[in-house]
1. Please give the calculated 222 nm ellipticity per residue for the chain, where each DSSP H segment of at least 4 residues contributes -39500 (n - 2.57) and the sum is spread over every residue; nearest 500 deg cm²/dmol?
2. Quick check on segment 3-68: take the gyration tensor over C-alpha atoms, sort the square-rooted eigenvalues as a ≥ b ≥ c, and tell me if it's rounded (a/c under 1.5), prolate or oblate.
3. Kindly state, to the nearest 0.05, the FRET efficiency for residue 71 paired with residue 50, given R0 = 25 Å and r defined as their beta-carbon distance.
4. Taking the chain as a Gaussian network, where each spring joins two C-alpha atoms under 10 Å apart, which residue of 55, 155, 124 fluctuates the most?
5. Measure out, as a whole number of angstrom, how far apart the alpha-carbon centroids of segment 86-132 and segment 39-74 sit.
6. Of 145, 70, 157, which is the most mobile in a GNM of the chain whose springs link Cα atoms less than 10 angstrom apart?
7. GNM, the chain, Cα, under 10 Å: largest mean-square fluctuation among 44, 12, 156?
8. Multiply the residue separation of residue 118 and residue 40 by 0.36 nm, subtract the distance between their alpha-carbon atoms, and state the gained length in nm to one decimal.
């Protein structure tokens, strides 16, 4: 077994996504050209890291189609081994219950996941979103603060772009368009 990785070019402000797939499924999506994230994931999985465009083809095709607006759901097998415990439960709940074009607050996701609805549980969900190894596919960009957007590991501009792409936000000025 191995972690097959490749880099998918993506629209600005995203720029690129590093995609990692094992024999069990998609294990990693990292923002940018992120060889260090891929190496860390391979080490955690105990698998060699290989560049393999054939092994990542299905994931690249589905992510590319999502980014162009041609796909709204992902039907890839997911390798959840980079998650554990409450992190896995929250991320699986997010993946299963918050579809394209919908949003959920940190507190509601905490309650849906069985963590409770208290402020501390919502803060815990925020930390879990920041450690999501499968952003975009497991849509942490759809998790919002009760009073605004909340944070995002890919950066505010990326979260805003993804939410506008899905119709949750009105698109802002296209600050990333080429002249």
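1. -11000 deg cm²/dmol
2. Oblate is the answer for segment 3-68, as a/c is 1.5 or above yet b/c matches or exceeds a/b.
3. For R0 = 25 Å, the calculated efficiency reads 0.45.
4. In the Gaussian network model the winner is 155.
5. If you average the Cα positions of each part, the centres end up 23 Å apart.
6. Maximum fluctuation in the GNM of the chain, among the listed residues, is at 70.
7. 44
8. Gain in length upon complete extension: 24.8 nm.
Values quoted throughout were computed directly from the atomic coordinates according to the rules given, and no laboratory measurement underlies them. In this text, all values refer to a predicted model and were calculated from it rather than measured experimentally. Glycine gets a Cβ as well: all are built from the backbone with ideal geometry, and neighbour counts include every protein chain shown.
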